[in-house]
1. Under a crude label model (7 Å from the Cα following the beta-carbon direction), how far is residue 43 from residue 131 in nanometres?
2. Pairs 90/119; 2/114; 3/28; 59/118; 28/109: which exceed 19 Å Cα-Cα?
3. How about the range 43-134: which GluC sites (Glu not before Pro) there are in a DSSP loop, with at most 14 other Cβ atoms within 10 Å of their Cβ?
4. Given a 1.4 angstrom probe, I'd like the percentage of the accessible area of the chain that is carbon and sulfur, rounded to a whole number.
5. Under a Cβ-Cβ cut-off of 15 Å, what is the net charge of the residues other than residue 77 that fall near it, where Lys and Arg count +1 and Asp and Glu count -1?
6. Please list 50-60, 101-111, 76-86 highest first by mean number of surrounding beta-carbon atoms within 10 Å per residue.
7. How far apart, in nanometres, would the label points at residue 29 and residue 90 be if each is projected 7 angstrom from Cα along the Cα-to-Cβ direction?
8. Roughly speaking, what is the stretch gain from residue 68 to residue 141, that is 0.36 nm per residue apart minus the C-alpha to C-alpha distance, in nm to one decimal?
Amino acid sequence: MKKGKTSHIHGFNFAKVTYGTVDSVNLKSIYLNIQTWVEPIKECDNWTRTVLNMSRAIKHSVYESVNTDLFDNKFIVDLDLRSSGISEGKKSFMNLEINLFTKQDGDFKCNEIKDSVKKILKRVYKDNILNNNHFNFSSTKNSDLLQTIY
């Protein structure tokens, strides 16, 4: 029997955004997945350091916005952006997955969980994507850059 569930979050034009769980019957964790294309604004000497700093900033944003009534303050942030292939004028695929661990069993589709996930997403967007000094973000590889979100 299939237990996992996924739900799309609409309204974010810069990326494909979903959240879900691998087991909705015994809800222990929620994942938030953000997939987007990034294009460097300017050349950088050390893209590895830039990607690591971006990952660290995302972790801080999640930590500051997580609802501790619903979720544990321990979470996993996995930023997948290959620094070896980043170059000016070329878009690279970025996948960001945030795993949150629930404090108690609940309903995956309840508004409280959805609102908490949206709050985290908005904070990550505001702090790390909207005013990013290194990258422009777009929803597809061939689309123009989209900057108007919330």
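1. Computed distance between label sites residue 43 and residue 131 equals 2.8 nm.
2. 90/119; 2/114
3. Sparse-neighbourhood loop GluC sites (Glu not before Pro): 43, 88.
4. 45
5. Around residue 77, the surrounding residues sum to -2.
6. Per-residue mean Cβ counts within 10 Å order the peptides as 50-60, 76-86, 101-111.
7. So the label points at residue 29 and residue 90 sit 3.3 nm apart.
8. Stretched fully, the residue 68-residue 141 segment lengthens by 22.7 nm.
The values are calculated or read from the model by the stated rules, or taken from the named source; none is laboratory data. Being a predicted model, the structure only gives us computed values, none of them experimental. Cβ coordinates were reconstructed from backbone atoms using ideal geometry, including for glycine residues, and neighbour counts include every protein chain displayed. Just so you know, the surface numbers come from the protein's heavy atoms only, side chains and all, with ligands and any DNA or RNA stripped out. Shrake-Rupley method; radii C 1.70, N 1.55, O 1.52, S 1.80 Å.
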